Amino acid sequence: MTIENNIVRHIQKAVSALYQSEIELDSIVIQETRKEFEGQITVVTFPFTRFSKKLPEQTGAEIGDYLLKFIPEINAYNVVKGFLNLSVSDGYWINQLLNTVLSPDFGHFPKNGKKVMVEYSSPNTNKPLHLGHVRNNLLGYSVAKILSANGFDVVKVNLVNDRGIHICKSMLAWKLFGKGETPESSGLKGDHLVGKYYVIFDQEYKKQIAELVHKGETEENAKKNAPIIKQAQEMLLKWESGDAEVMGLWSMMNTWVYAGFEQTYDQLGVDFAKYYYESDTYLLGKDIIEEGLQKGVFFKKEDGSVWIDLTSDGLDQKLVLRADGTSVYMTQDLGTAQLKYDDFNVDQSIYVVGNEQDYHFKVLFLILQKLGKSWAKGLYHLSYGMVDLPSGKMKSREGTVVDADELMADMIHTAKERTEELGKVDGFSEAEKADLYKMIGLGALKFFLLKVEPKKRLLFDPNESIDFQGHTGPFIQYTHARIRSVLAKAEYKERISREYLMNLTTVERELILNLCKYPAIISMAAKEYSPAQIANYVFELAKLFNKFYHEESILKAEDLAVRNFRLDLSSATASTIKNGMDLLGIGVPDRM
RNA sequence: GCGCCCAUAGCUCAGCUGGAUAGAGCAACGGUUUUCUAAACCGUAGGUCUUAGGUUCGAAUCCUAAUGGGCGUACCA
């Protein structure tokens, strides 16, 4: 039992003994003591005054006396207005460090027997990945790691949107203007090559619209009747009918794209247990439509289209099947949800998808509930904000995107320059240098994206490079390297100090307190699906260590016992940083 | 029009289920290295938490409205 739980229980008893009143455990508020006051744990005593019928100060003192008497670890208290500040003995904190924080399974929760699926990335195959996808990928990967650390069995899946009009646009433009260009012939990465023709299509399309408008067509008609869009639509129909030539072109270009994506995923460090392809799933869901009609959840209009009426839930009427019997997005998502459940039998399923689709998922989940799917309550849309440029939203068609591959390469290059300037790679082999630059460059990028709450939108200014100092990945990586360097000098292997009585300095105590918070942070991060919780925690921890490092000497501590203790404290900090960063998908070096 | 989300220092962001004088980083200014890595540390300055009501012993946090910004509201995905 943690000291906090112990305190809460004793407060309950204290209120009962002192004021003959019963109080709920939940209503007892405990928090960290603010730096300017003495103590580590603070009890808010305002709520107890209605039982004590006394002033907050007096109530606090009475409860303080009670706790002092019954909890041996508490050795002092002070009262400031309605706040009871408790001082816990240094012996307790030292014991926590040695027996809890330094234990091998610290921060790892036992298996909870639950299975969760995380669907993320989910790219379209008509263009390369950009910064928005990077945020998605990092979020999905990190959330999967966090859930796993919390004891879940995690299945990562990628639902690839490999069909549809947008892919046909790239295909058509390549066919018309590509002159047989291939990744091999041009040296272009496959996804970039296909993306190039997506842009070309759009340029040509706009040109044709302009011509038609010039000839007197309305804008709306021009958009509908431009020859190139008609051709793309025809191509889509041919694809759907299985036309051999179109299918051949489609699979060739998709193969290029997949090779490109693999490279990007690999560089980013993300992976998947299974890929789903929309070309396999887009016809699914029709049986669910039938099921819904029979259950009376859906209704059919005169023209044959199928709808659900969600007005009683404060939403609209929503189409689930077209009049011609073909699928819409919702149809296939209903089918795919069922497929994913049938495949893996998961307890929870998380969709990492941008907030522009909030409404879609609200409706999707509601429909599945109305259909009585037992697993519907385990569905969750991890909605995240768009990545904006100073100029506004990124648009692939208009080329105003921050390309994922380029950005990663830039970051690694900057890391190289920085590191060389600082002269920190003496004695590194070329391979070690390359690894280090990648670790730092991507560490900066990943931390930059993950430190922000997923829900919030994120501003990226390509003209201002991502920082390597301050609230950044490299700051934390540096702290880790610093610790490892000290430990290496001491030839530290494993826990070396014993339990003994000593007085902690303020920073030491703060550091231990911070380390003790780690498991709670991990579980909160899982509950909120928020890597940002971990990012900000690890930053605090690193900052605190640097303060400690600056104020106290580790290797040259006056007393051997103190030296050993500080080595243990440093080691515990290093592992916690490493583990926390690992949950973000960020590596930490031993030297930098 | 209707619905959802966001608004905290010049900039980028924290702030747990309501709790003490709202915190970091960057940028600015000043200081710290013969001592374990200065990608660091310390200090100064910077705030009517968008606004107005309400609930409460207590509100950046909860409720209502307004303002500003984003997104959605397709027989697109």
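The values are calculated or read from the model by the stated rules, or taken from the named source; none is laboratory data. Treat the numbers as computed from the prediction; the structure is a model and nothing was measured. Don't worry about glycine lacking a Cβ; one is built from the backbone with ideal geometry, like all the others, and counts go over all protein chains shown.
Brief remarks follow.
- For A:I209, the stated conditions do not hold, so it cannot be described as part of a helix (DSSP H, G or I), in contact with an Asp or Glu (Cβ under 6 Å, 6 or more places away or on another chain) and free of Cβ contacts under 8 Å to residues at least 60 places away in the same chain.
- Scanning the range A:336-350 finds no residues that are out of contact with any Ser or Thr (no Cβ under 7 Å at 6 or more places or on another chain) and within 13 Å of RNA strand B (Cβ to nearest atom).
- Condition check for A:N536: in a helix (DSSP H, G or I), over 25 Å from A:V88 (Cα atoms) and either within 12 Å of RNA strand B (Cβ to nearest atom) or modelled with pLDDT under 95 (or both): yes
- Residue match in the range A:381-403 (condition: modelled with pLDDT of 90 or more, exposed (fewer than 13 other Cβ atoms within 10 Å of the Cβ) and not small (G, A, S)): no
- Against the criterion of being in contact with a Gly (Cβ under 7 Å, 6 or more places away or on another chain) and exposed (fewer than 15 other Cβ atoms within 10 Å of the Cβ), A:A259 qualifies.
- When A:G392, A:G441, A:G399, A:G427 are checked against the criterion of being more than 30 Å from A:E552 (Cα to Cα), more than 8 Å from RNA strand B (Cβ to nearest atom) and without any contact (Cβ under 8 Å) to a residue 60 or more places away in the chain, a single residue qualifies: A:G441.
- Odd one out for A:S553, checked against (1) over 23 Å from the mean Cα position of the chain (by Cα); (2) in contact (Cβ under 8 Å) with a residue 24 or more places away in the chain; (3) near RNA strand B (Cβ under 10 Å from one of its atoms); (4) over 28 Å from A:A434 (Cβ atoms): (2)
Residue by residue, here is whether (1) outside any loop (DSSP other than H, G, I, E, B); (2) modelled with pLDDT of 90 or more holds:
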site: A:L193; (1), (2): yes, yes
site: A:I200; (1), (2): yes, yes
site: A:Y205; (1), (2): yes, yes
site: A:G216; (1), (2): no, no
site: A:E220; (1), (2): yes, no
site: A:A232; (1), (2): yes, yes
site: A:G242; (1), (2): no, yes
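- Residue within the range A:431-438 that is more than 30 Å from A:V199 (Cβ to Cβ), near RNA strand B (Cβ under 10 Å from one of its atoms) and either in contact (Cβ under 8 Å) with a residue 12 or more places away in the chain or not assigned by TED's automatic domain parsing to the domain that holds A:I476 (or both) present: yes
- Residue match in the range A:479-501 (condition: surrounded by 22 or more Cβ atoms within 10 Å (Cβ to Cβ), more than 9 Å from RNA strand B (Cβ to nearest atom), at pLDDT 95 or above and not acidic (D, E)): no
- Residues in the range A:304-335 that are near RNA strand B (Cβ under 7 Å from one of its atoms) and either assigned by TED's automatic domain parsing to the domain that holds A:L237 or over 28 Å from A:N161 (Cβ atoms) (or both): A:G314 only.
- Out of A:K301, A:K230, A:K274, A:K207, one residue alone is within 30 Å of A:M439 (Cβ to Cβ) and surrounded by fewer than 19 Cβ atoms within 10 Å (Cβ to Cβ). It is A:K274.
- Test result for A:N579, free of Cβ contacts under 8 Å to residues at least 40 places away in the same chain and in a helix (DSSP H, G or I): no
- Subset of the range A:148-182 (residues that are part of a loop (DSSP other than H, G, I, E, B) and of a type in the set (A, V, I, L, M, F, W, C)): A:F152
- Restricting the range A:355-389 to residues that are within 10 Å of RNA strand B (Cβ to nearest atom) and part of a loop (DSSP other than H, G, I, E, B) leaves a set whose member that is farthest from A:K114 (Cα to Cα) is A:M386.
- Of A:V143, A:V134, A:V118, all but one fail to be outside any helix (DSSP H, G or I) and either in contact with a Phe, Trp or Tyr (Cβ under 6 Å, 6 or more places away or on another chain) or at pLDDT 95 or above (or both); the exception is A:V118.
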